[in-house]
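Reading through the structure tokens given below for one structure.
Values quoted throughout were computed directly from the atomic coordinates according to the rules given, and no laboratory measurement underlies them. Keep in mind that this is a model prediction, so the values were computed, not measured. Glycine gets a Cβ as well: all are built from the backbone with ideal geometry, and neighbour counts include every protein chain shown.
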Amino acid sequence: MQAKFLTSAADARGLLAPEKPLIAVSGKSNVGKSSFINLLAGQNRLARTSAEPGRTRLVNYFDFGDFILADLPGYGYARVSQAEKGRWAKLLDAFFARGVSHVLALADIRHEPTADDKLMIDFLYRTRTPFTVVATKADKLGKTRLKEAARRIAAACGTGEGNVIPVSAVNGRGKEEVFARLAQVVAAAQNRAESAGEAAEDAEDGE
Ligand SMILES: Nc1nc2c(ncn2[C@@H]2O[C@H](COP(=O)(O)OP(=O)(O)O)[C@@H](O)[C@H]2O)c(=O)[nH]1
Ligand SMILES: [Mg+2]
């Protein structure tokens with residue numbers, strides 16, 4: 001199906017608790033989050049791309065058929081007030097408290113992960129949230145430097161190289177790999193739902 005926009009949440013009350021597996025996309029402002037979501041959707045304007053980062057403090061939900069994708073507000077934008085940062089932190093806490101199947105954590109392939117990127121990854125480890133690092137703007141590097149960069153990002157995030165997928169919204173690189181990963185996530189979620197259903201039946205049968 002065509003991916004479609006569902007709704008935006010500005011605060012905890014607006015957050016969804018979907019039946020389908022929920023995949024979150026995180027990353028600092030300007031990392032290429034909107035462009036990446038558009039790449040996955042095969043649509044140019046599903047998620048807005050902007051030259052003015054950090055203006056939207058919303059969780060945007062999209063229906064991708066097999067899963068729901070949540071575009072989290074970009075972090076690390078310097079020119080926002082303390083109050084705004086507090087509101088952002090509260091919204092994210094509430095979001096993760098509802099549970100999520102997988103996080104695609106975006107990082108710019110050309111740079112060392114920032115302090116904020118590392119805070120995000122630490123948070124994912126602490127909360128035992130499965131994640132994949134998506135290294136954006138891969139078209140900006142040649143083949144050799146790209147491999148080095150992916151290795152460096154994996155090390156900085158304390159994860160394996162196989163858990164870093166270089167992508168490019170410009171040439172489409174990495175799209176299939178990301179979908180293959182998400183297919184595994186969806187299958188695992190379905191298996192869990194089925195065994196939970198069977199366990200409930202067994203309990204009813206007194207087994
Ligand atoms: N070369 C290149 N530029 C990109 C890529 N993805 C995003 N950009 C550019 O990076 C800037 C920020 O992109 P955007 O998707 O709005 O980032 P967001 O703030 O994380 O949503 C824009 O100027 C995009 O055109 C990419 O894969 N390759
Ligand atoms: Mg954006």
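Assorted remarks:
- Among 180, 193, 156, the residue with the largest mean-square fluctuation in a Gaussian network model of the chain, with springs joining Cα atoms closer than 10 Å, is 193.
- The C-alpha atoms of the chain define a longest principal axis, and helix 143-156 lies at about 60 degrees to it.
- DSSP-defined antiparallel bridges as percent of all bridges, the chain, nearest 5: 35
- Cα centroid separation, the stretch 5-30 to the stretch 148-178 (Å): 23
- Selected from 22, 119, 72 as most flexible by GNM, with the chain as the system and alpha-carbon contacts under 10 Å: 119
- In the chain, the longest principal axis of the Cα atoms and the axis of helix 115-126 are about 20 degrees apart.
- Within the stretch 108-207, trypsin sites (Lys or Arg not before Pro) in DSSP loop having at most 16 other beta-carbon neighbours inside 10 Å: 110, 128, 173
- Computed over neighbours whose Cβ is under 12 Å from that of residue 117, the net charge equals -2, Lys and Arg +1, Asp and Glu -1.
- Length gained when the stretch residue 190-residue 122 is fully extended (0.36 nm per residue, less Cα-Cα span): 21.8 nm
- Estimated 222 nm signal from helices in the chain, with DSSP H stretches of n ≥ 4 weighted -39500 (n - 2.57), rounded to 500: -13000 deg cm²/dmol
- Long pairs among 20/85; 85/118; 4/140; 28/143; 4/143; 28/175, criterion Cα-Cα beyond 22 Å: 20/85; 4/140; 28/143; 4/143
- GNM on the chain, alpha-carbon springs under 10 angstrom: the most fluctuating residue among 150, 70, 12 is 12.
- For residue 165, the residues 5 or more places off, or on other chains, whose built amide H falls under 5 Å of its own are 133, 134, 135.
- Cα-based radius of gyration for the chain, normalised by 2.2 N^0.38 Å, reads 1.05.
- Counting only the Cα atoms, the stretch 85-143 fills a convex hull of 103 Å³ per residue.
- Take every pair of alpha-carbon atoms less than 8 Å apart whose residues are at least six positions apart; their mean separation over the length of the stretch 4-205 yields a relative contact order of 22 percent.
- Karplus 3J(HN,Hα) series, Hz, for the stretch 94-103 with 6.51 cos²θ - 1.76 cosθ + 1.60 (x for Gly, Pro): 5, 4, 6, 5, 7, x, 8, 6, 6, 10
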